[in-house]
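Here is the structure we will look at, set down as C-alpha coordinates.
The values are calculated or read from the model by the stated rules, or taken from the named source; none is laboratory data. If you're wondering where the values come from, they're calculated on a predicted model, not measured in any experiment. Heads up: the accessible areas ignore ligands, DNA and RNA and are worked out on the full protein's heavy atoms, side chains in. Shrake-Rupley method; radii C 1.70, N 1.55, O 1.52, S 1.80 Å.
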Amino acid sequence: MEPIMPETFVANSSALDFAQYDPETDIMKVWFAKGGTARYPVSRVEFEGLKTASSVGRYFNAVIRPKGSF
(Lines give C-alpha, C1' and ligand atoms only; values in the text may rest on other atoms or scores of the structure.)
Protein backbone atom coordinates (compact mmCIF):
# COMPACT_ATOMS: atom_id res chain seq x y z
CA MET A 1 0.00 0.00 0.00
CA GLU A 2 1.28 3.46 -0.88
CA PRO A 3 1.70 6.03 1.90
CA ILE A 4 -0.95 8.72 2.21
CA MET A 5 0.42 12.12 1.29
CA PRO A 6 0.01 15.05 3.69
CA GLU A 7 -2.73 17.53 2.81
CA THR A 8 -1.76 21.22 2.54
CA PHE A 9 -4.09 24.11 3.32
CA VAL A 10 -3.21 27.69 2.27
CA ALA A 11 -4.61 29.70 5.16
CA ASN A 12 -4.79 33.21 3.67
CA SER A 13 -4.66 34.53 7.23
CA SER A 14 -2.71 37.18 9.10
CA ALA A 15 -1.81 34.48 11.65
CA LEU A 16 -0.95 31.46 9.47
CA ASP A 17 0.52 31.12 5.99
CA PHE A 18 -0.38 27.48 5.59
CA ALA A 19 -0.78 24.17 7.36
CA GLN A 20 0.01 20.61 6.35
CA TYR A 21 -1.87 17.69 7.89
CA ASP A 22 -0.57 14.12 7.87
CA PRO A 23 -3.52 11.72 8.26
CA GLU A 24 -1.22 8.77 9.04
CA THR A 25 0.17 10.45 12.17
CA ASP A 26 -2.55 13.06 12.97
CA ILE A 27 0.17 15.71 13.05
CA MET A 28 -0.29 19.17 11.54
CA LYS A 29 2.69 21.37 10.73
CA VAL A 30 1.93 25.08 10.71
CA TRP A 31 3.87 27.88 9.03
CA PHE A 32 3.19 31.16 10.82
CA ALA A 33 2.73 34.42 8.91
CA LYS A 34 5.34 36.15 11.08
CA GLY A 35 7.84 33.33 10.59
CA GLY A 36 8.53 30.03 12.23
CA THR A 37 6.86 26.65 12.24
CA ALA A 38 5.35 24.31 14.80
CA ARG A 39 3.75 20.86 14.85
CA TYR A 40 0.50 20.05 16.67
CA PRO A 41 -1.39 16.82 17.35
CA VAL A 42 -4.78 17.23 15.64
CA SER A 43 -7.60 15.05 14.38
CA ARG A 44 -8.99 15.11 10.83
CA VAL A 45 -12.08 16.88 12.23
CA GLU A 46 -9.95 19.64 13.77
CA PHE A 47 -7.98 20.09 10.53
CA GLU A 48 -11.21 20.32 8.53
CA GLY A 49 -12.51 22.83 11.09
CA LEU A 50 -9.45 25.01 10.50
CA LYS A 51 -10.01 24.86 6.75
CA THR A 52 -13.65 25.93 7.02
CA ALA A 53 -13.36 28.45 9.86
CA SER A 54 -14.59 31.98 9.22
CA SER A 55 -11.46 33.14 11.08
CA VAL A 56 -8.48 30.81 10.77
CA GLY A 57 -6.55 32.66 13.49
CA ARG A 58 -9.40 32.53 16.01
CA TYR A 59 -10.02 28.84 15.36
CA PHE A 60 -6.32 28.04 15.63
CA ASN A 61 -5.98 29.94 18.92
CA ALA A 62 -9.14 28.44 20.44
CA VAL A 63 -8.88 24.80 19.29
CA ILE A 64 -5.37 23.90 18.17
CA ARG A 65 -2.85 26.09 20.03
CA PRO A 66 -4.04 24.90 23.50
CA LYS A 67 -3.02 21.33 22.57
CA GLY A 68 0.62 22.41 22.69
CA SER A 69 3.24 22.18 19.97
CA PHE A 70 6.33 20.04 19.71
Skipping prolines and chain starts, which residues have an amide H placed within reach, meaning under 5 Å, of the one on A33, given they are 5 or more residues away or on another chain? L16, D17
Using θ = phi - 60° and the Karplus form 6.51 cos²θ - 1.76 cosθ + 1.60, what ³J(HN,Hα) does each residue of the stretch 39-49 get, whole Hz, x for Gly and Pro? 10, 10, x, 9, 8, 4, 4, 5, 5, 4, x
Solvent-accessible area per residue, Å², over the chain with all protein chains present [probe radius 1.4 Å]: 63
Measure off, as a whole percent, the carbon and sulfur share of the 1.4 Å-probe accessible area of the stretch 21-70, all protein chains present. 51
Each residue of the stretch 53-61 in turn: what ³J(HN,Hα) in whole Hz from Karplus with 6.51, -1.76, 1.60 and θ = phi - 60°, glycine and Pro shown as x? 5, 5, 10, 4, x, 5, 4, 4, 5
With springs only between Cα atoms under 10 Å, which of G36, G57, G49 fluctuates most in a Gaussian network model of the chain? G36
Expressed as a percent, the portion of alpha-carbon pairs in the chain spaced more than 17 Å apart is 34
With springs connecting C-alpha atoms under 10 Å apart, model the chain as a Gaussian network and identify which of V45, V30, V56 has the largest mean-square fluctuation. V45
